[in-house]
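Step one of this worksheet: look at the structure below.
Readers should treat all values here as calculations from the given coordinates under stated rules, not as data from a laboratory. Treat the numbers as computed from the prediction; the structure is a model and nothing was measured. Counting neighbours? That spans all protein chains shown, and the Cβs are built from the backbone with ideal geometry, glycine included.
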Amino acid sequence: DIAEWVKDEL
Amino acid sequence: MNIFRLCGDMSHLAAIIILLLKMWKTRSVAGISGKSQILFATVFTARYLDLFTSFISIYNTCMKVFFIGTVYFTIYLIYMKFKATYDSNHDSFRVEFLIVPVGGLAFLVNHEFAPLEIIWTFSIYLESVAILPQLFMISKTGEAETITSHYLFALGSYRALYLCNWIYRYYAEGFFDLIAVVAGVVQTILYCDFFYLYITKVMKGKKISLPA
């Protein structure tokens with residue numbers, strides 16, 4: 001779900 | 001984080017601050033495309049869905065809040081506070097011609113057919129063409145205020161610096177995101193003719209006037 005969906009760039 | 005990405009984010013920050021200063025100081029939104037700002041608001045809203053759920057860093061969260069906050073404030077200035085100075089006749093780009101194809105492409109070409117990933121991909125594709133209404137408006141009015149030229153130069157430079165960031169990250173971390181890179185290349189290419197005008201004219205103190 002959204003918690004591990006990570007995009008570290010703006 | 002690397003120097004290219006930091007400079008890119010600072011350039012993006014500078015662009016937004018230049019735009020707000022132009023509007024606030026001149027109390028006018030003349031020459032600014034409200035449609036492009038609406039597209040940018042859509043981009044940020046679609047991209048920063050994880051704003052409240054995943055914490056990456058103070059910097060990341062602050063920048064996201066700043067970008068979202070200022071783009072909606074810009075829309076407020078254009079369509080409400082300084083509405084009288086908004087040139088809607090020249091801001092006539094048909095944004096549906098951007099949103100529909102970009103939305104379709106996000107469904108077809110993405111890293112994972114999952115809601116969040118598709119929405120993120122949509123924001124990446126949309127950002128690459130979000131400046132078109134603004135460039136179209138300048139080509140229709142035939143000229144751009146110098147401060148608007150600085151805004152566009154900073155905004156165009158941000159994604160060009162991100163391209164450098166992705167080159168660096170590929171060699172330093174093996175990180176590579178084809179979708180972001182291709183969209184970033186398209187986005188930067190769209191600014192090229194403007195970059196040429198900016199460097200040959202604005203840097204010499206002249207105004208940008210396109211052959212209308």
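Miscellaneous remarks
- Listed by chain and number, the lysines whose alpha-carbon sits under 28 Å from that of A:K7, ignoring those within fewer than 8 places in the same chain, are B:K35, B:K64.
- Gain in span if fully extended, B:K81 to B:W24, counting 0.36 nm per residue against the direct Cα distance: 19.5 nm
- Using a Gaussian network model of chain B in which every pair of alpha carbons under 10 angstrom is joined by a spring, one finds that among B:S128, B:S36, B:S92 the greatest mean-square fluctuation is at B:S92.
- Of all the options B:K201, B:K22, B:K64, the one that moves most in a Gaussian network model of chain B with Cα springs shorter than 10 angstrom is B:K201.
- Nearest-ten-degree value, helix B:34-47 long axis tilted from longest Cα axis of chain B: 10 degrees
- Scattering profile of the range B:91-175 at q = 0.16, 0.26 Å⁻¹ [log10 I(q)/I(0), Debye over alpha-carbon scatterers]: -0.83, -1.17
- Convex hull projection area averaged over all views, the range B:33-145, Cα basis, nm²: 8.2 nm²
- Rg to Rh, two decimals, where the protein assembly as shown supplies the alpha carbon set and Rh follows Kirkwood: 0.96
- Residue-count net charge about B:S139 - beta-carbon cut-off 13 Å; Lys, Arg +1, Asp, Glu -1: -2
- The range B:27-57 versus the range B:89-142: alpha-carbon centroid distance in Å: 13 Å
- Rg and Dmax of chain B, Cα atoms only, in Å: 17.1, 51
- Across peptide B:53-60, the mean count of Cβ atoms from other chains lying within 10 Å of each residue's own Cβ comes to 3.
- Principal axis extents of the C-alpha atoms in the range B:1-48 (largest first, rounded to whole Å): 37, 24, 13.
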